[in-house]
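Since every read-out is calculated from the coordinates, none of them should be taken as a lab result. Every value quoted in this text rests on a predicted model; they were computed, and no experiment measured them. Here the Cβ is made from the backbone with ideal geometry for all residues, glycine too, and neighbour counts use every protein chain on show.
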Amino acid sequence: MRKIVRAAKKAVPFEEKVLRSRPIMQKVESLPVFQQVETLLLYWSMDDEVYTHDFVEQWYKSKFLLLPCVEGDSLLLRQYTGRDSLQPGPQFGIPEPVGPVFNDLNNIQMIVVPGMAFDKRGGRMGRGRGFYDRLLKSTPNAVKVGVAFNFQIFDNIPMEPFDVPMDYVVTE
């Protein structure tokens, strides 16, 4: 599945991914749960993912917005306070915010989750390193919202006992 999705992602130019991301993020924004949350974890998208940069910029002043930072095999969370707070991450070069680590995982109300593939039951397949699987297990109160392009949706994602299903999967 990962090979299929990687090939499909490569076939779509970046500019088209940005355009196709807008209705996805508008649907996330229209979820009743999104309207109610104060503390939310997003991600700063890589070129092959649902584009989130504009969404992060739109919401960080009115919500307590966190972004993940890769450290070893874990994701640490830090508040996003604007583009000036970003620096390239040491492992993958993905921009990450600087500042104190946010440890109050029980107070995260919603997490917007990237993935390689999803199914309609909330199954999710990541890139294979388990970063989000470990994080999602430690955020029991958060509503998990997977975001994906239509070509990332499959009938059935194989799930292991440690996999955390999404509460919502939002596509174009």
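Results, tabulated for the structure shown:
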{"read-out": "Dipole of the chain, positive end: most advanced residue of LEU31, LEU65, MET125 [Cβ charges, Cα centre]", "value": "MET125"}
{"read-out": "Only Lys, Arg (+1) and Asp, Glu (-1) charged, at Cβ; the chain dipole about Cα centre in debye", "value": "320 debye"}
{"read-out": "Three-way shape call for the chain based on the alpha-carbon gyration tensor, with the a/c threshold at 1.5", "value": "rounded"}
{"read-out": "Gain in span if fully extended, ASP73 to MET1, counting 0.36 nm per residue against the direct Cα distance", "value": "23.6 nm"}
{"read-out": "About the Cα centre, charge dipole magnitude for region 109-172 (Lys/Arg +1, Asp/Glu -1 at Cβ), debye", "value": "200 debye"}
{"read-out": "Burial order of peptide ranges 142-154, 43-55, 10-22 (average beta-carbon count within 10 Å, highest first)", "value": "142-154, 43-55, 10-22"}
{"read-out": "Proximal charge balance of ASP48 [Cβ under 14 Å; K/R count +1, D/E count -1]", "value": "+4"}
{"read-out": "Cut-off 12 Å between beta-carbons: net charge of the residues surrounding LEU105, Lys and Arg +1, Asp and Glu -1", "value": "+1"}
{"read-out": "Rounded to whole Hz, the Karplus (6.51, -1.76, 1.60) HN-Hα couplings of region 17-29, x for glycine and proline", "value": "4, 4, 5, 6, 6, 4, x, 5, 6, 5, 5, 4, 4"}
